[in-house]
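No value in this document is a laboratory result; all are computed from the given coordinates. Computed from a predicted structure; not experimentally measured. Positions of Cβ are backbone-derived with ideal geometry, glycine not excepted, and every protein chain shown enters the neighbour counts.
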Amino acid sequence: VTQPIRVAVVGLGSIGRAVYRTLAARQWVQIVAAVDVDPTLIGRDAGELAGADAGGVPVVASFGEAGTGGDVAIVCTGSRLEAVAPLLGEAVAAGWHVLSTCEELAFPWLRHREAAAAIDDAARAAGRCVLGTGVNPGFAMDAAVLHLSAVVDRVTAVEVERVVDVATRREALRSKVGLGISATEFAQRAAAGSIGHVGLAESAALVATAFSWPTVDLDESLEPVFADAEIEVAGRRIGPGAVLGIRQTATIREDGEPRVVLRLTMYGGAADPHDTVTLHGPSPITQRITGIDGDAATITVVVNTIPVMVTLPPGLVTVLDVAAVRARHGLIE
Ligand SMILES: NC(=O)c1ccc[n+]([C@@H]2O[C@H](COP(=O)([O-])OP(=O)(O)OC[C@H]3O[C@@H](n4cnc5c(N)ncnc54)[C@H](OP(=O)(O)O)[C@@H]3O)[C@@H](O)[C@H]2O)c1
């Protein structure tokens, strides 16, 4: 009989709790630790907190206090690598593989080359691997492209359009896209870099890297979407002229030609939510997907990736290392 994979859930916000709840019902996983820094959560039964049965796993403030080793730590604490990096170091040093929804961890070499090298060194030294994944980044605008590339010979460019109605998502996401704020506040938060989706550029860099295209010529744009008239979104009334969400793009060019174009639209009441992936080349293909529920999909990707973690090479890895059959341009050329 195979032993269950021993898991720690780190960060018991809405994603961490849903991961916990899902894992509590899986026989092949044993949850051995729950970690969160929120003082109101420490000492509580993590199962109860997550809406599962009380399982005798108390929330502790750090890995050091978890008191037991394990296999895979699932880190759902934050989007920025700077904030998450110390936790990653602590986890690998304590012998855990790390799977995280931290968006910048999906391709940390883009903005945090030195921190990425340090994480890679620490993970290799500990013989453990570290991976950033989720629905976006982690699937919809990157891994899905790689999977589709398995059937396309010589991809010359990639376009992905993703439209999300944030009314159907968790509150943290509605706040990240500025639902209900004024145009002035949007402009201030955009200038401070505290609004919008973190991870779009990382998805673009993942795709470019998969096809051996340079990532140096990368452009990003971010614009608000305003309400034309009063509208109700997730129980809140948003007045005309207020922000409903964002339109964000990331484009990577090579010799002035677009190679990767990712367009992400996320706002309250967005019509026709979908994901459309187009792979250009001599025999282009387009796939349109409807029905991905972003939060549920994140939980599912995380859960489905747990068994893969123990098979990956040590170090800092990406979904490029996990993806199933896909085009490998480096080998074709
Ligand atoms: N890749 C993807 O597709 C994807 C999808 C969904 C979510 N995400 C990301 O996943 C993360 C979690 O999402 P969420 O909505 O659940 O966030 P959340 O509600 O903010 O929950 C994060 C939790 O982690 C705790 N925390 C913060 N720093 C910690 C640390 N050093 N050690 C232990 N716990 C810590 C927080 O405590 P305090 O509240 O006290 O800080 C909070 O309880 C976010 O960054 C989100 O953007 C990614």
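Taking the stretch 123-150 as the region of interest, how many residues are outside any loop (DSSP other than H, G, I, E, B) and either within 16 Å of the ligand (Cβ to nearest atom) or under 17 Å from R288 (Cβ atoms) (or both)?
First, the residues of the stretch 123-150 that are outside any loop (DSSP other than H, G, I, E, B): 123-126, 129-132, 143-150.
Then keep just the ones that are either within 16 Å of the ligand (Cβ to nearest atom) or under 17 Å from R288 (Cβ atoms) (or both); that gives 130-132, 143-149.
The qualifying residues number 10.
Just a yes or no: is a residue in the stretch 100-119 closer than 30 Å to A271 by Cβ and assigned to a loop (DSSP other than H, G, I, E, B)? First the steps, then the outcome.
Within the stretch 100-119, the subset closer than 30 Å to A271 by Cβ is 101, 103, 106.
Going one step further and asking which of them are assigned to a loop (DSSP other than H, G, I, E, B), we end up with 101.
Looking for residues that are closer than 30 Å to A271 by Cβ and assigned to a loop (DSSP other than H, G, I, E, B), one finds at least one in the stretch 100-119, hence yes.
Given the conditions (1) among the acidic types (D, E); (2) surrounded by fewer than 22 Cβ atoms within 10 Å (Cβ to Cβ); (3) within 11 Å of the ligand (Cβ to nearest atom), report the number of the one that E48 does not fulfil.
E48 satisfies every listed condition except (3).
Pairs please, first residue from the stretch 66-79 and farther than 16 Å from G16 by Cα, second anywhere and within 10 Å of the ligand (Cβ to nearest atom), Cβ atoms under 9 Å, 6+ apart in sequence or on different chains.
Close Cβ pairs satisfying both conditions: A66/A34; A66/V35; A66/V60; G67/V60.
Tell me, which helices (runs of 4 or more DSSP H) wholly within the stretch 151-251 include 1 or more residues that are surrounded by fewer than 22 Cβ atoms within 10 Å (Cβ to Cβ), among the β-branched types (V, I, T) and in contact (Cβ under 8 Å) with a residue 12 or more places away in the chain?
Details: elements: 171-176, 183-191, 200-210.
Those helices (runs of 4 or more DSSP H) span 200-210.
Are any residues in the stretch 64-77 surrounded by fewer than 22 Cβ atoms within 10 Å (Cβ to Cβ) and either within 24 Å of the chain's Cα centre (by Cα) or part of a loop (DSSP other than H, G, I, E, B) (or both), and if so, which ones?
Matches in the stretch 64-77: G67, T68, G69, G70, D71, T77.
Could you say whether any residue in the stretch 127-143 is of a type in the set (A, V, I, L, M) and surrounded by fewer than 23 Cβ atoms within 10 Å (Cβ to Cβ)? Talk me through it step by step, then tell me what you get.
Keep residues of the stretch 127-143 that are of a type in the set (A, V, I, L, M), which gives 130-131, 135, 140-141, 143.
If we keep only those that are surrounded by fewer than 23 Cβ atoms within 10 Å (Cβ to Cβ) as well, we get none.
Checking the stretch 127-143: not a single residue is of a type in the set (A, V, I, L, M) and surrounded by fewer than 23 Cβ atoms within 10 Å (Cβ to Cβ).
Which one is nearest to the ligand (Cβ to nearest atom), of the residues in the stretch 3-39 that are in a loop (DSSP other than H, G, I, E, B) and more than 14 Å from V60 (Cβ to Cβ)? Talk me through it step by step, then tell me what you get.
Filtering the stretch 3-39 for residues in a loop (DSSP other than H, G, I, E, B) gives 3-4, 11-13, 25-28, 36-39.
Of the ones still in play, those that are also more than 14 Å from V60 (Cβ to Cβ) are 3-4, 13, 25-28.
Values: Q3: 26, P4: 23, G13: 2, A25: 19, R26: 19, Q27: 25, W28: 23 Å.
By that ranking, first place goes to G13.
Residue by residue, here is whether (1) under 18 Å from M141 (Cβ atoms); (2) within 22 Å of the chain's Cα centre (by Cα) holds:
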| position | (1), (2) |
| --- | --- |
| L179 | no, yes |
| S182 | no, no |
| Q188 | no, no |
| A191 | no, no |
| V198 | yes, yes |
| A201 | yes, yes |
| A204 | yes, yes |
| V207 | yes, yes |
| F211 | yes, yes |
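Which of the residues that make up the stretch 252-271 are closer than 14 Å to V166 by Cα and part of a strand (DSSP E or B)? Show your work before the answer.
Initially, the stretch 252-271 is screened for residues closer than 14 Å to V166 by Cα, giving 264-271.
Those that are closer than 14 Å to V166 by Cα and part of a strand (DSSP E or B): L264, T265, M266, Y267.
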